[in-house]
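The values are calculated or read from the model by the stated rules, or taken from the named source; none is laboratory data. Not measured: the values here are computed from a predicted model. In this analysis, Cβ positions are derived from the backbone assuming ideal geometry, glycine residues included, and neighbour counts consider all displayed protein chains.
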Amino acid sequence: MPVFVFFKGTVKAMKVRKKKAEGNNPDSDRGRRRHRDGQTEIAEKKTQRINADDIRRIAEPLCEAEGMELVHVEYQRETGGRILRFYIDKPGGVRVDDCAYISRQLSDLMDVSFEDIGPYSLEVSSPGPDRPLGRKQDFEKFRGHVVKIRTLPCAGDGKPVKHKTVQGVLSGISEEIVTVQVGDLTAAIPFREIIRARLVPEEKVRSQAGAWEREKT
């Protein structure tokens, strides 16, 4: 059964999927531990071959058939284990019933399409005010909005490798380059180097602007 979680401006349905390792377990405790470790290592290697783009290709037609837009897919390891997160939307907004229904459909589809994916938690959510941007068309659709973009790590002259974060007004995308206006400067970011991009909620933008004004005075 999905678990429903409500956040400000966001509805979610979450479901934990656990897949049992196949095969005969040895009798001893040590043997069972080795068996589990071996199964975990095998599952991990198979899981690494599956990425969010693969999952999106099989999930998007299902969402479209149900009148939903598949906004973004995340498949990553977090503190509690692997998370498979789908963001969906539709005209008029997504309700918790929509998330629950799509969650059940996607769970069945994943079982059929990715038998070796291993244990994960499935989460279906509305985009929320900090909507993720993952497709090229998103960077055109939300021109003029404030965005926060995180890029691949870069290093320079012996300095530690760090991710770069840019926040500013989205200008659009052209020839694989996303442009963001940061004050009087324009940041040009190759689309392939973007790890994560999200809208910055208007409430947060106003709060940051107010803090900046207070610092100046």
Flag if residue 130 is assigned to a loop (DSSP other than H, G, I, E, B), under 20 Å from residue 202 (Cα atoms) and not assigned by TED's automatic domain parsing to the domain that holds residue 190: yes
Options 157, 138, 184: the member that is modelled with pLDDT of 90 or more, farther than 21 Å from residue 72 by Cα and among the charged types (D, E, K, R): 184
Test: residue 38 is exposed (fewer than 14 other Cβ atoms within 10 Å of the Cβ), of a type outside the set (Lys, Arg) and modelled with pLDDT of 90 or more: no
Taking the criterion of being without any contact (Cβ under 8 Å) to a residue 40 or more places away in the chain and within 21 Å of residue 178 (Cβ to Cβ), would at least one residue in region 62-84 satisfy it? yes
Taking only pairs six or more apart or across chains, which ones have beta-carbon atoms under 6 Å, a first residue in region 91-105 that is touching a residue at least 12 places away in the same chain (Cβ under 8 Å), and a second residue that is part of a helix (DSSP H, G or I)? 105/62
Any residue at all in region 95-105 that is modelled with pLDDT of 90 or more, assigned to a loop (DSSP other than H, G, I, E, B) and closer than 22 Å to residue 194 by Cα? no
Is it the case that residue 126 is touching a Ser or Thr at 6+ places or on another chain (Cβ under 7 Å) and at negative phi? yes
The one condition in (1) without any contact (Cβ under 8 Å) to a residue 40 or more places away in the chain; (2) buried (at least 16 other Cβ atoms within 10 Å of the Cβ) that residue 139 fails to fulfil: (1)
Pick out the one residue from 214, 192, 206 that is exposed (fewer than 11 other Cβ atoms within 10 Å of the Cβ), within 22 Å of residue 53 (Cβ to Cβ) and modelled with pLDDT under 95. 192
